Structure formats: C-alpha cells, structure tokens
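Report on the structure given below.
Bear in mind that the values in this text are calculations on the coordinates, not laboratory data. All values derive from a computational prediction rather than experimental measurement. For neighbour counting, all protein chains shown are included, and Cβ atoms are generated from backbone atoms with ideal geometry for every residue, glycine included.
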Ligand code: SER
C-alpha cells in the first residue's frame, strides 16, 4: 500500500485530487500539505514550504511516504508579475522532489505541466505532442524546463515521474489563482451572483479546456498505468474540449437570457494568443486509454448543478 503526499493540496487541482484519492487510500496513508496554516479538508495536513528540501525530506521520511503529487506552482498570468519568484518556486520545488526520487526516498511522482509550454511557433490546431515550443511566459518556460528535467531524471536515474500537460481546468469548488484560463471559472461565479461578467480575453479566443473530473481521472489513470506502457517520459498532451468566452456565454444565455458579458482584453490576451486552440492527445489515448467524459455542454450543465445555480 502506497503512502501518499499531495504538495499544494489547497489549490484548484489539489483540493479535488485529495477527495478522489481519499476514496481509495486509508485516512492514515494520505497526507496533504500546502503553504497555508490549515487545510479546508478533514484529512491529515501539515504546512510545508516546497522550497525547503530539508523539510520535505524530513516529512517524507517521518511519514514513510512513497508517492508524491507535486502541484505547487505560480500560474501564467500571476507569474509575469514576478518572473524570478515564479522561476524559483516552480523549478526549485520540482528539483527537490526529483532529487528525493533520485535518492529512491520516493518511488513515484506526479507533476503537472501545461499548454503554456507551447508558443507562437507551435502549430495552433490539434497541436501535437512534438512541435516547436517557445513559451512566452515564465510559467511556460519553467514548465517546459521541468518537463525536460522529468525526462532526464526518468531516463538517467530510472525515476518514475509522470506528467500531464493540462489545458485550462474548469472546476466548481476551488478557483484557480492567476492563470490565463481563469475566465472559464470566473464567468460561472458572475452568472451565479446575477452580475455581468467583464472578460479579459476577446470573445472568440479559443483555448483547450478540461473539466475537473476529467483532469482528476486523467491523473489517477496515468498513475495507475504500468510504467512500461508510458512512451512519453516528459509530459503527455491531454485535452477535454476547446471553447471561447463567447461559446460559454452563449450556453449561459440559454439558461438566463439577461446574462451579459463585456469584453476588454488585457495582457492575458497575448498569452492566450500564443497557446494552442486545440490539442492532439493521441499518445495519452494509445498508452493509457485516456478518454474525456465532458464536452462544453456537459461541463456547463455540471457547473450549474454543482454551484447550485437555479
Ligand atoms: N490554467 C493555466 C494558466 O492559465 C494553464 O496551465 O496559467
């Protein structure tokens, strides 16, 4: 039985992942950690700074942890406000985990990458696993470097580090913080509170997205797959569906025709324009049977129901 630690458990992905893992893992074998003092969940939690190698190592050894989900990061839009801080957190926390895996203190790691690894010269539609990558944000630069380091550690030191390149994640309970795709979450909250939404992207900006349940299912499936089946040692392309602010707004207007969205793009438009419109995730489908369950319509329906919007 693995003993599991989630680093960054209070964020958008961590808060749902902990719920899902707690269905399969005994209370005593699942540990949550983040930089804040307390957890919103009732699971075992301790405060941890992922930049402190000594603290990480001590907590992992003391609790006999064998598997780590390392989710702590600064996202694309927020990262641009302080590039060096973002590089430091995103890279050095990953190195701490990779080195614990290299030392065989931990056996298995999950670490998320992002569509932010792509850039202006990547093919836009059905972007393949292998294509030119010149990320324009420090977040994207750190994720691309991180992917290459994962591959390096896996091939050079025989570590078992697995990764997915997430598109925008749409979820109902914990909002993302500081991403370029956050609008696809925020818009539902404005809709719920009966307010108009001011969108920071142009109405026809198409980006790949994934509903949180699919994102979690993807992580679980990837981690359960036999290592030998995994041809991609860096990070797998994965996607749910593609959408624009206008397409989501239309779905919401079908529910309440009074709902209005105004568009005034800011610096995040340049980031969004550098990212793919859609993703080809054939390696994930072939290697570990990835399949999304949620398209745009189903996601909107689920968000409406989960957010208790009447
Ligand atoms: N959702 C992320 C962001 O917008 C992309 O990985 O930064």
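Key figures
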| quantity | calculated |
| --- | --- |
| Translational D in µm²/s for the stretch 1-160 (Stokes-Einstein at 10 °C, 1.306 mPa s, Kirkwood Rh from C-alpha pairs) | 97 |
| Largest-first principal axis extents of the Cα set of the stretch 104-221 (Å) | 54, 33, 23 |
| Order of 1, 91 - criterion: other Cβ atoms within 10 Å of each residue's Cβ, fewest first | 1, 91 |
| C-alpha long axis of helix 296-306 to longest principal axis of the chain, angle in ° | 80 |
| Tilt relative to the chain, helix 12-24 - C-alpha long axis, 0 to 90 degrees, to 10 | 60 |
| Peptides ranked, highest mean first, by Cβ atoms within 10 Å: ranges 284-293, 252-261 | 284-293, 252-261 |
| Coordinate range along principal axes, alpha carbons of the stretch 239-284, Å, largest first | 42, 26, 9 |
| Share antiparallel - DSSP beta bridges, the chain, percent rounded to 5 | 10 |
| Shape category assigned to the stretch 6-82 from the gyration tensor of Cα positions, a/c cut at 1.5 | oblate |
| Separation between Cα centres of the stretch 73-151 and the stretch 234-262, rounded to whole Å | 26 |
| Interatomic Cα distance distribution for the chain, bins of 10 angstrom, percent | 6, 28, 36, 23, 7, 1 |
| Percent of Cα pairs exceeding the 22 Å cut-off, where the set is the stretch 55-145 | 39 |
| Added length on full extension, which subtracts the Cα-Cα distance from 0.36 nm per residue, residue 85 to residue 289 | 69.7 nm |
| Mean Cα-pair separation over length for the stretch 1-85, i.e. relative contact order, pairs under 8 Å, 6 or more apart, % | 36 |
| Cβ-based exposure ranking for 139, 211, in which fewest neighbours within 10 Å come first | 211, 139 |
| Alpha carbon convex hull of the stretch 210-310, volume per residue in cubic angstrom | 119 |
| Sorted by Cβ neighbour density within 10 Å, fewest at the top, the residues 294, 130 | 130, 294 |
| Of all DSSP beta bridges in the stretch 165-310, antiparallel share, percent nearest 5 | 30 |
| Debye intensity ratio in log₁₀ form over the Cα atoms of the stretch 219-264, taken at each q of 0.13, 0.25 Å⁻¹ | -0.56, -0.95 |
